[in-house]
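S.K.: I'd like to ask you about the structure that follows.
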Amino acid sequence: MSDDVEVRVARIHPDAQLPKQGSDLAAGFDLFCVERVEVQKGTTELLPTGLVMEIPAGWEGQIRCRSGLGKKGLILPNGVGTIDADYRGEVNVLAHWIGDGESYVVEKGERIGQFLVKRVPRIIFVEVDREDLDDTGRGDGGYGSTGRF
């Protein structure tokens, strides 16, 4: 049985590049920007990839920050972006500039994100009364309740 997942990709921009692994064992595939975009400090911009994808049912695409850009201060404001299996628009990367300087210029052809494809299980929500939920040691403690270390 093969673990391969086929994702069909269409280029809608002449300079679009297919996602590429940086190494044989890399989990993510690099996404590339198809135009020069300046991201001003404190603002969020869409970085276009020039790609439209067909992700199979039961799977999702995840867009994650590239660690090198994150270290500089170009982050994804939504943490991880989700590309649903029924989405057929252009895949873009949301970028927000928090680094030094008034702006960051994303150059045409620059790697702008990591793309992963992950299985999405079918979820069935079953409504119960609160007292029917299992007790845990943590209970309803949240927002730092488990300690700093």
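S.K.: Name the strands (runs of 3 or more DSSP E) wholly inside the stretch 19-134 in which the number of residues that are touching a Cys at 6+ places or on another chain (Cβ under 9 Å) and of a type outside the set (A, V, I, L, M, F, W, C) is 2 or more. Quick ask: steps written out before the conclusion?
M.R.: Values: elements: 29-32, 37-40, 44-54, 59-64, 81-83, 90-97, 103-106, 111-119.
The strands (runs of 3 or more DSSP E) meeting that bar are 44-54, 111-119.
S.K.: To continue, here is another question. Give the residues of the stretch 66-99 that are of a type in the set (D, E, K, R) and either closer than 10 Å to GLY113 by Cβ or out of contact with any strand residue (DSSP E or B) (no Cβ under 8 Å at 6 or more places or on another chain) (or both), sorted by residue number.
M.R.: ARG66, LYS71, ASP86
S.K.: To continue, here is another question. For LYS20, are the conditions met, namely being at pLDDT 95 or above, surrounded by fewer than 17 Cβ atoms within 10 Å (Cβ to Cβ) and among the charged types (D, E, K, R)? Spell out the reasoning first.
M.R.: Working: at pLDDT 95 or above: yes; surrounded by fewer than 17 Cβ atoms within 10 Å (Cβ to Cβ): yes; among the charged types (D, E, K, R): yes.
So LYS20 passes the test.
S.K.: Further question on the same structure: I'm told ALA57 meets every condition in (1) within 30 Å of VAL5 (Cβ to Cβ); (2) surrounded by 11 or more Cβ atoms within 10 Å (Cβ to Cβ); (3) among the small types (Gly, Ala, Ser) except one. Can you identify the failing condition by its number?
M.R.: (2)
S.K.: Another question, if that's okay. Quick check on ASP15: is it acidic (Asp, Glu), over 15 Å from the mean Cα position of the chain (by Cα) and farther than 19 Å from ASN92 by Cβ? Working first, answer last.
M.R.: Numbers: acidic (Asp, Glu): yes; over 15 Å from the mean Cα position of the chain (by Cα): yes; farther than 19 Å from ASN92 by Cβ: no.
For ASP15, the condition - acidic (Asp, Glu), over 15 Å from the mean Cα position of the chain (by Cα) and farther than 19 Å from ASN92 by Cβ - is not met.
S.K.: Any idea which of (1) under 20 Å from LYS108 (Cβ atoms); (2) touching a Leu at 6+ places or on another chain (Cβ under 9 Å); (3) surrounded by 13 or more Cβ atoms within 10 Å (Cβ to Cβ) is the one GLN62 doesn't satisfy?
M.R.: (1)
The values are calculated or read from the model by the stated rules, or taken from the named source; none is laboratory data. Everything numeric in this text was worked out from a predicted model, so none of it was measured. Cβ coordinates were reconstructed from backbone atoms using ideal geometry, including for glycine residues, and neighbour counts include every protein chain displayed.
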